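Peer 1: Questions regarding the structure given below will be posed in turn.
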Amino acid sequence: MEPPMEPSGGEQEPGAVRLLDLPWEDVLLPHVLNRVPLRQLLRLQSVSRAFRALVQLHLAGLRRFDAAQVGPQIPRAAFSLLLRDAEGLQVLLLAPCHEWLSDEDLVPVLARNPQLRSVALAGCGQLSRRALGALAEGCPRLQRLSLAHCDWVDGLALRGLVDRCRALEELDLTACRQLKDEAIVYLAQKRGAGLRSLSLAVNANVGDAAVQELARNCPELEHLDLTGCLRVGSDGVRTLAEYCPALRSLRVRHCHHVAEPSLSRLRKRGVDIDVEPPLHQALVLLQDMAGFAPFVNLQV
């Protein structure tokens, strides 16, 4: 694309080359604008009509959009402007939009970008099943999805996602407290074979029934976060040890019904577990006591 002609507003030295005189698609887009943060692109658009056209051309070809690059709280107007022409996005990270992002804002973006493979909607509490339905319907290649702290996600919404997104590998359902064992069992049975990472943290409705079904259906599972799942116990962990040979990390902090014997088999395999063995905890406590009470005789 040739740059549009625009008055320079001043005399140009003979032989001088302006930035916009360089080839846009061969030089400026791949080698210059790709290195400019999104926040600066917003400012660059206001310089001139030619710069606005250049930035819009760049934004139309975006493959990755991370709202955090704009700022901790991206305005709705900036979101609409930046993604107005984007049709090839593969990564969409929208956590900084959590205070205002609605179905009306998100659904058109999803409809224009069927190639999306990774989407983060953590904390976006203004969304609804409609947004998740549009994601499932329009983005069948989705591999990674974060719905952490989206308390509107229920079993029905999850079923629709699971039925359509057959490439799903990583799913963050932290604090999605409407989800119960039945929904997780459905997830395991439908998509367990390809699932590699799953977070069910901070959900007291998830128990051993869900964990055992995950274990039996997810042989490639590498990371599982059960932090604060108060109904999960040793039975579920023992099933993980038996059926999940690929497991690399397990988070069970605040799972008070998980006992050390059920974790020991995983420890022997080198699985990273966020709860220290009882002996280590006792030694740490003893060291703390010794530090605060130096005159206590610890010798037996």
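The values are calculated or read from the model by the stated rules, or taken from the named source; none is laboratory data. All values reported here derive from a predicted model rather than from experimental measurement. Neighbour counts run over all protein chains shown; Cβ positions are idealised from the backbone, glycine included. Please note that ligands, DNA and RNA were not included when accessible areas were found on the heavy atoms of the full protein model with its side chains. Shrake-Rupley method; radii C 1.70, N 1.55, O 1.52, S 1.80 Å.
Peer 1: Per residue, how much accessible area does the chain show when a 1.4 Å probe rolls over the protein heavy atoms, in square angstrom? Spell out each step's value before the answer.
Peer 2: On the way: 15700 Å² over 300 residues.
I get 52 Å² per residue for this part.
Peer 1: Give me the Kirkwood hydrodynamic radius of region 151-206, using the inverse of the mean 1/r over all pairs of distinct Cα atoms, in Å to one decimal.
Peer 2: On the way: mean 1/r = 0.0896 Å⁻¹.
About 11.2 Å, per the Kirkwood formula over Cα pairs.
Peer 1: Still on this structure, please answer the following. Which whole-angstrom value gives the distance between the alpha carbon centres of region 49-92 and region 155-178?
Peer 2: When both Cα centres are located, 27 Å separates them.
Peer 1: Which length gain, in nm to one decimal place, applies between residue 182 and residue 137 when the Cα-Cα distance is subtracted from 0.36 nm times their residue separation? It would help to have the intermediate numbers written out before the result.
Peer 2: On the way: separation 45, 0.36 × 45 = 16.20 nm, distance 2.24 nm.
Residue separation times 0.36 nm, minus the Cα-Cα distance, leaves 14.0 nm.
Peer 1: Further, regarding this structure: FRET efficiency for residue 63 and residue 267, Cβ-Cβ distance as r, R0 = 51 Å, nearest 0.05?
Peer 2: Numbers: r = 41 Å, r/R0 = 0.80.
Taking R0 as 51 Å, the efficiency between residue 63 and residue 267 is 0.80.
Peer 1: Go through 20, 53, 42 and say which Cα lies farthest out towards the positive end of the charge dipole of region 19-61; charges sit on Cβ, +1 for Lys and Arg, -1 for Asp and Glu.
Peer 2: 42
Peer 1: Considering only 33, 195, 263, give the residue with the highest GNM mean-square fluctuation for the chain, with springs between Cα atoms whenever their separation is below 10 Å.
Peer 2: Highest fluctuation among the options: 33.
Peer 1: Put 268, 180 in order of accessible area, largest first, 1.4 Å probe: what do you get?
Peer 2: Largest accessible area first, the list is 268, 180.
Peer 1: In region 49-77, which residues have a backbone nitrogen under 19 Å from the label point lying 7 Å from residue 27's Cα in the Cα-to-Cβ direction?
Peer 2: What the label zone holds, given the 19 Å backbone N cut-off, is 50-58.
Peer 1: Over the chain, with a Gaussian network built from C-alpha contacts below 10 Å, which listed residue (42, 168, 110) shows the highest mean-square fluctuation?
Peer 2: Among 42, 168, 110, the largest mean-square fluctuation in the Gaussian network model of the chain belongs to 42.
Peer 1: Once the piece of chain linking residue 115 and residue 256 is laid out straight, how much longer is it, given 0.36 nm per residue of separation minus the C-alpha distance between them?
Peer 2: Details: separation 141, 0.36 × 141 = 50.76 nm, distance 4.19 nm.
Using 0.36 nm per residue and subtracting the Cα-Cα distance, I get 46.6 nm.
Peer 1: In region 19-61, what is the volume of the convex hull around the alpha carbon atoms, normalised per residue and reported in Å³?
Peer 2: Working: hull volume 2.7 nm³, N = 43.
Spread over its residues, the Cα hull of region 19-61 gives 63 Å³ apiece.
Peer 1: Which Rg and Dmax, in Å, describe the Cα atoms of the chain?
Peer 2: 25.4, 91
Peer 1: Which one, 167, 50, 86, has the greatest fluctuation when you compute a Gaussian network model over the chain with C-alpha springs under 10 angstrom?
Peer 2: 50
Peer 1: Follow-up question, since we're still on this one. May I ask which residue of 204, 221, 114 lies farthest towards the positive end of the charge dipole of region 101-237, with charges of +1 (Lys, Arg) and -1 (Asp, Glu) on Cβ and the Cα centre as origin?
Peer 2: 114
Peer 1: Find how much the distance from residue 44 to residue 151 grows on full extension, using 0.36 nm per residue of separation minus their present alpha carbon separation; answer in nm with one decimal. Intermediate results must be reported in sequence, preceding the final value.
Peer 2: Numbers: separation 107, 0.36 × 107 = 38.52 nm, distance 3.79 nm.
Gain on stretching residue 44 to residue 151: 34.7 nm.
Peer 1: Considering amide H positions built from the backbone, and no H for Pro or chain starts, which residues 5 or more places from residue 146, or on another chain, come under 5 Å of its amide H?
Peer 2: 119, 120, 121, 172
Peer 1: Using Cα pairs under 8 angstrom and six or more residues apart, how large is the relative contact order of region 63-288, in percent?
Peer 2: Numbers: 505 pairs, mean separation 25.2, N = 226.
Here the relative contact order equals 11 percent.
Peer 1: Separate question: If you roll a 1.4 Å probe over the chain with all protein chains in place, what percent of the accessible area is carbon or sulfur?
Peer 2: Numbers: 8170 of 15700 Å².
Its accessible area is 52 percent carbon and sulfur atoms.
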